[in-house]
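Here the structure is laid out as structure tokens; the discussion comes afterwards.
The values are calculated or read from the model by the stated rules, or taken from the named source; none is laboratory data. A quick note: this is a predicted structure, and the numbers were derived from the prediction, not measured. Cβ placement follows ideal geometry from the backbone for every residue including glycine, while neighbour counts extend to all protein chains displayed.
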Amino acid sequence: MEVSWLAPRSQGYERCQAAVAASLKALQTDYIDLYLIHWPGASGLEPDDPRHAQLRADSWRALEQLLAEGTLRAIGVSNYGVPHLQQLLDTCQTAPHVNQVEVHPYFQQKELREFCERHKIHVQAYSSLGTTVEVSPLLVDPVVQQVAREVGRTPAQVLLKWALQHSLSVIPKSTNPQHMRENMELDFSLNDQQMALLDGLERNTKFAWDSRVVA
Ligand SMILES: NC(=O)c1ccc[n+]([C@@H]2O[C@H](COP(=O)([O-])OP(=O)(O)OC[C@H]3O[C@@H](n4cnc5c(N)ncnc54)[C@H](OP(=O)(O)O)[C@@H]3O)[C@@H](O)[C@H]2O)c1
């Protein structure tokens, strides 16, 4: 499956078209399964610059056209908050198929998830394991570890299962073959009490960049 992203420097109608063409060439393919606008902002502008909204709307128009032509099989966004999505829904022909955002028990984005559910936008979680750091606070969290002991799985598996049981898809990153296997072996379930314990870990703490500042 081929997935690619529009970089902030390529926001805008023509630049977006050129970026997709460059991705097709680099991937040596004539279609891409899923193409996402990586960030609601454009490079070189202050976060509160009103031109971000126009540029990302222009990029979206280009993606809609490429979708209609069959060059892109699905189109989406990433790091869009409710205001960014609402603006897009007000003007688009096709709603985003996917919004890829940071979601894990410390940063659950409930309002955004509910908004996406209402508008049938699939939420894909990133940084499910707390991103690449020496010791991820999520992986050593006592509640996550307690649940992991209860189900006989690893903390990473518990975090991924928590996301899946909230109807999110996950894209854990690993350079370790054992971890990669583990991250696919998710044939178990968390009970209501275990889900509630993990839901109780919300602390509005994110690990990656914060797009809420982008106008
Ligand atoms: N759209 C965006 O703006 C955005 C932003 C951030 C990330 N992402 C995407 O999201 C994906 C994942 O998020 P992320 O990069 O933040 O990292 P992540 O998946 O939250 O965490 C990766 C870290 O977890 C470790 N790990 C993986 N599986 C493990 C396991 N089973 N047990 C213990 N440790 C494990 C990895 O180490 P090992 O290598 O040793 O396994 C690595 O240090 C990436 O592919 C990235 O492209 C997107």
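Couple of notes before you dig in:
- Residues in region 114-129 that are more than 16 Å from the ligand (Cβ to nearest atom) and either in contact with a Leu (Cβ under 9 Å, 6 or more places away or on another chain) or closer than 21 Å to residue 34 by Cα (or both): 115, 117, 119, 120.
- Number of the condition not met by residue 211 [criteria: (1) within 23 Å of residue 111 (Cα to Cα); (2) surrounded by 14 or more Cβ atoms within 10 Å (Cβ to Cβ); (3) away from the ligand (no atom under 13 Å from the Cβ)]: (3)
- Whenever a residue of region 30-59 is in a helix (DSSP H, G or I), its partners that are away from the ligand (no atom under 15 Å from the Cβ) and among the β-branched types (Val, Ile, Thr), lying with C-beta atoms within less than 6 angstrom and at least six residues away or across chains, give the pairs 57/91.
- Flag if residue 19 is within 16 Å of the ligand (Cβ to nearest atom), over 22 Å from residue 215 (Cα atoms) and surrounded by 19 or more Cβ atoms within 10 Å (Cβ to Cβ): yes
- Among the conditions (1) more than 15 Å from the chain's Cα centre (by Cα); (2) surrounded by fewer than 20 Cβ atoms within 10 Å (Cβ to Cβ); (3) within 12 Å of the ligand (Cβ to nearest atom), residue 195 misses just one, which is (3).
- Test: residue in region 193-206 that is free of Cβ contacts under 8 Å to residues at least 12 places away in the same chain and within 21 Å of residue 99 (Cβ to Cβ): no
- Qualifying residue in region 81-102 (condition: of a type in the set (Ser, Thr, Tyr) and part of a helix (DSSP H, G or I)): yes
- Residue match in region 70-89 (condition: in contact (Cβ under 8 Å) with a residue 60 or more places away in the chain and among the charged types (D, E, K, R)): no
- Any chance residue 7 is over 14 Å from the mean Cα position of the chain (by Cα), within 16 Å of the ligand (Cβ to nearest atom) and within 30 Å of residue 138 (Cβ to Cβ): yes
- Residue in region 52-71 that is farther than 24 Å from residue 14 by Cβ and either in the same structural domain as residue 207 (by TED's automatic domain parsing) or surrounded by fewer than 18 Cβ atoms within 10 Å (Cβ to Cβ) (or both) present: no
- When region 27-40 is filtered for residues that are surrounded by fewer than 20 Cβ atoms within 10 Å (Cβ to Cβ) and closer than 22 Å to residue 171 by Cα, the ones remaining, listed by number, are 27, 31, 33, 34, 38.
- Exactly one residue out of 164, 159 is surrounded by 11 or more Cβ atoms within 10 Å (Cβ to Cβ) and within 11 Å of the ligand (Cβ to nearest atom), and it is 159.
- Among the residues making up region 130-145, those that are more than 12 Å from the ligand (Cβ to nearest atom) and either surrounded by fewer than 14 Cβ atoms within 10 Å (Cβ to Cβ) or among the β-branched types (Val, Ile, Thr) (or both) are 142, 143.
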